[in-house]
Every structure is written in structure tokens, then in C-alpha cells.
Amino acid sequence: KIELQAKAFEPGDVKLLAGPYRHAMELDAKFLLSLDADRLLSWYRKEAGLPEKAAGYGGWESQGIAGHSLGHYLSACARMSRAADNPEFCQRAAYVVKELAECQAANGDGFLGAMPNGKKVFAEVSRGEIRSAGFDLNGSWVPWYNLHKLFAGLIDAHRYCGNEQALEVACGLADWAIAVTSKLTPEQWQQMLACEHGGMNESLADLYALTGNEAYLELANKFYHEGVLDALAAERDELAGKHANTQVPKAIGAERIYQLSGDKKYERIGPFFWQTVVANHTYANGGNSDGEHFGAPRK
């Protein structure tokens, strides 16, 4: 609905010539190809009741946020396929999507996740039993944030690799999200959104743009965290003390919804957030947070 005055270059539109940046990109590509997709898929299969094909990775992938790295991996492979002009990256993405579709089918309701006890957590949420803190939802480490990475990866696999199955899987997951939140009151929504939820609003808006399904835009609008976005919409800087990483995708998603819908509620959120962070919360070294939190403005 909103005519964009500028757009980002797509991956592959700009090619790096020989030099340190090209070298860095080639190292990145080499690293991506060194990763084992079956290890990244391990918890997805386990939570779907399917046998693992390989042991999962360590670090955060062995903890409550298991599975989020796969979403990043899908996005990276899809974009690298264009940047490096190498079809192997889309082949990797296609394998991952096929495996995810199998997990989704095994779950039977559209759900797709690798977080431990994810089904139990979302069953509680669907009943309105919500225990939410900054990084915890009913004992699960940022499950919506985790799912946002998966949504974004599936959308990128569709967008940059032309993978139709990726869009089907993403829509199945979105349909599940609609069902699981359908009985929540506005108050319960806000209680749930107190837990970091990444850019769920942006991904659902993107799905609406790709499919024309108004239900996805409606759900994107429900991921509106009043405690943060109301102040930005009213052009008030209330960022001090807030976890910086959590707020950035909320503003990006709000801007995406505004572009697609023209809803005046969202008009000032993106521009004001940008101007405020740059002018009031950015340090000389370019960072905008200390310990991942915004400080006092202009201090």
C-alpha cells in the first residue's frame, strides 16, 4: 500500500571482486558447506517422534533454544546461493525443507519445532495458561523467537531458491500458529508477548505478501507488543533499560506491516525507532547497547 522510495539490493545483484570482502564471503560459504544438515535437524526429528539421523550440535543447539540455528542456516544457504552463484546451496536448502516437511507431517497439526517440550508449552499457551518473562514462556527459552528464525529461513528458501515446498511448510506452520492462539484474549496476548518473540510480525506479514492470505496479516497484527510499540508510535523514547536485541525486530516488523497495509498505527514506529536509536542510543563505536540493554538517552 505504501510506495517505497528505496529498496535493498537483492543477494547476487552486487558481486564482490577479489579482495578481503570476497575472501570473507568465500570462507563463509566454505563454513556453511561444512555444516551437517542432519545434525541441525536432529531435535526437529526427535520432537516429531522420528529417529535422529545424526546427533545434534552442542552449545545452544543442545539446550532449550535448540533448532533456531537451522533457520539461520536456511537463510544463509538461500542467500549464499545467489551471492556465490553456487547451486549446491539451494540443494542443501531443499534437503532441509524436505526433512522439515516430514517432521511437520509426523506432528500432524502443522507444528514444527525443535525446542524441548514445545508441544506441551504451546498446548498450555493455547488454553490461556501463560507464564511469561523476558526470555521464558512457560519454562521454554524464547519459543516464538525460535520459530521466527524457522519462518524466516523457509521464506528465504522460497524467495531465493524458488522452493515451493518451503512456502507450503511455512504456511502450515502459520496455520498452526493461528489455531494455537485463536482463543487468547488481548490481555493474554500481551502477557505472552512479554517474552522475546523475534520478528514474528515481519515473517507473518511476508507470508501475507507472498500468499494474499489475510489471516496471516491478521496474526501479524496480533504480535503487536503494546508495552514497547505504543510509546514508539507516540514518538516517546522509553527504550532505556530495555533489552535492545528484542526490540529491533518488533520495529522492523511494524514497518513491514505498514508498507503492506498502510495502517496509520504503524506509520511512525519504524522511522522514530531508527532516529531515536541512532541519535540517542548509539555509542561512538557504532554499538547501541551495553550488555544487550539500551542505556539512558544521550549518555
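The values are calculated or read from the model by the stated rules, or taken from the named source; none is laboratory data. Because the structure is a prediction, the values reported are computed rather than measured. Counting neighbours? That spans all protein chains shown, and the Cβs are built from the backbone with ideal geometry, glycine included. We work out accessible area using only protein heavy atoms, side chains counted, and drop any ligands, DNA or RNA first. Shrake-Rupley method; radii C 1.70, N 1.55, O 1.52, S 1.80 Å.
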Distance between modelled label sites at A279 and L35, nm, 7 Å Cα→Cβ extension: 3.9 nm
Taking the convex hull of Cα positions in segment 190-275, its mean projected area over all directions (nm²): 5.1 nm²
Size of electric dipole in the chain: Cβ of Lys, Arg +1 and of Asp, Glu -1, about Cα centre, debye, nearest 20: 300 debye
For the chain, accessible area per residue (1.4 Å probe, heavy atoms of protein chains only), Å²: 47 Å²
Calculated Rg and Dmax of segment 65-156 using C-alpha coordinates, Å: 15.0, 48
Relative counts (whole %) of C-alpha pair distances in segment 1-43, using bins that are 10 Å wide: 20, 30, 25, 21, 4
Cα centroid separation, segment 100-116 to segment 12-60 (Å): 20 Å
Within segment 185-258: Cβ-based charge dipole about Cα centre, in debye rounded to nearest 20 (Lys, Arg +1; Asp, Glu -1): 120 debye
Fraction of alpha-carbon pairs over 27 Å apart in segment 97-251 - percent: 21 percent
P(r) of segment 33-108 over all Cα-Cα pairs, binned every 5 Å from zero, in whole percent: 3, 17, 26, 24, 17, 9, 3, 0
Rounded Å value of the spacing that divides the Cα centres of segment 254-299 and segment 153-232: 21 Å
J(HN,Hα) series, segment 204-213, from Karplus relation 6.51 cos²θ - 1.76 cosθ + 1.60, nearest Hz, glycine and proline x: 5, 5, 4, 4, 4, 4, 7, 10, x, 7
Rough spin-label spacing in nm, given labels placed 7 Å along Cα→Cβ, for H293 and Q63: 1.8 nm
Residue of L17, L193, L112 that the Gaussian network model of the chain assigns the largest fluctuation, springs spanning Cα pairs under 10 Å: L17
Karplus (6.51, -1.76, 1.60) ³J(HN,Hα), θ = phi - 60°, over segment 227-240, in Hz, Gly and Pro reported as x: x, 10, 6, 4, 5, 5, 5, 8, 6, 10, 8, 10, 7, 3
In nm, spacing of pseudo-spin labels at E102 and E10 (7 Å Cα→C-beta vector): 3.1 nm
Dipole-positive endmost among A209, I178, Y283 within segment 150-299 (Cβ charges, Cα centre): Y283
Portion, in percent, of the accessible area of segment 149-299 that falls on carbon or sulfur, probe 1.4 Å: 50 percent
Extent along principal axes [Cα atoms of the chain; Å; largest to smallest]: 55, 50, 38
Extension gain (nm, one decimal) between Q91 and E129, 0.36 nm per residue minus Cα-Cα: 9.6 nm
Per-pair calculated FRET efficiency, R0 = 51 Å: E238 and E164 via Cβ, rounded to 0.05: 0.75
Kirkwood Rh and Cα Rg combined as Rg over Rh, evaluated for segment 1-145: 1.05
The chain - Cys residues lacking any other Cys C-beta under 4.7 Å: C77, C103, C171, C195
